[in-house]
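Read-outs: derived from the displayed coordinates by stated rules, not from any lab. No experiment lies behind these values; they were computed from the predicted model shown.
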């Protein structure tokens, strides 16, 4: 029994590790990955179709100059229906997925936050994925 376990240990010492040292080792995400939403305010007409189609009811259309969607990512399942049904293509999904925060209020993204480029992308840190 001891020799069997020792053989198993020695055999696996030199094999490639299964786990990744996240965030040091950045993983490659597929092109169809659905991360945080991005809003193009120029294309958005405030129609509210995104809020009507959302199965978790996380989108609220609020007045921020014009009418724009506001997302509660604390309850969003990132299904992409809002992006798919947006008539003007104003919504898109980014590859940014590091959305952890301390309070529930921080999970609500205003239209201005959705329209701004991700801070992590601006700093060159791409949120655990390769560009």
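Would you mind telling me which residue in 107, 15, 94 has the biggest mean-square fluctuation in a Gaussian network model of the chain, where springs connect alpha carbons within a distance under 10 angstrom? Of 107, 15, 94, the Gaussian network model singles out 15 as fluctuating most. For the chain, the longest principal axis of the Cα atoms and the long axis of helix 2-13 meet at an angle of about 50 degrees. For the chain, the Kirkwood hydrodynamic radius from C-alpha pairs, put into Stokes-Einstein at 20 °C and a viscosity of 1.002 mPa s, yields a diffusion coefficient of 125 µm² per second.
Taking every Cα-Cα distance in segment 33-104 and sorting them into 10 Å bins starting at zero, the pair-distance distribution P(r) comes out as 20, 55, 23, 1 percent. Using C-alpha pairs below 8 Å separated by at least 6 residues, the relative contact order for segment 29-120 is 39 percent. Per residue, the chain reaches -5500 deg cm²/dmol at 222 nm when only DSSP H runs of four or more residues are counted, each adding -39500 (n - 2.57).
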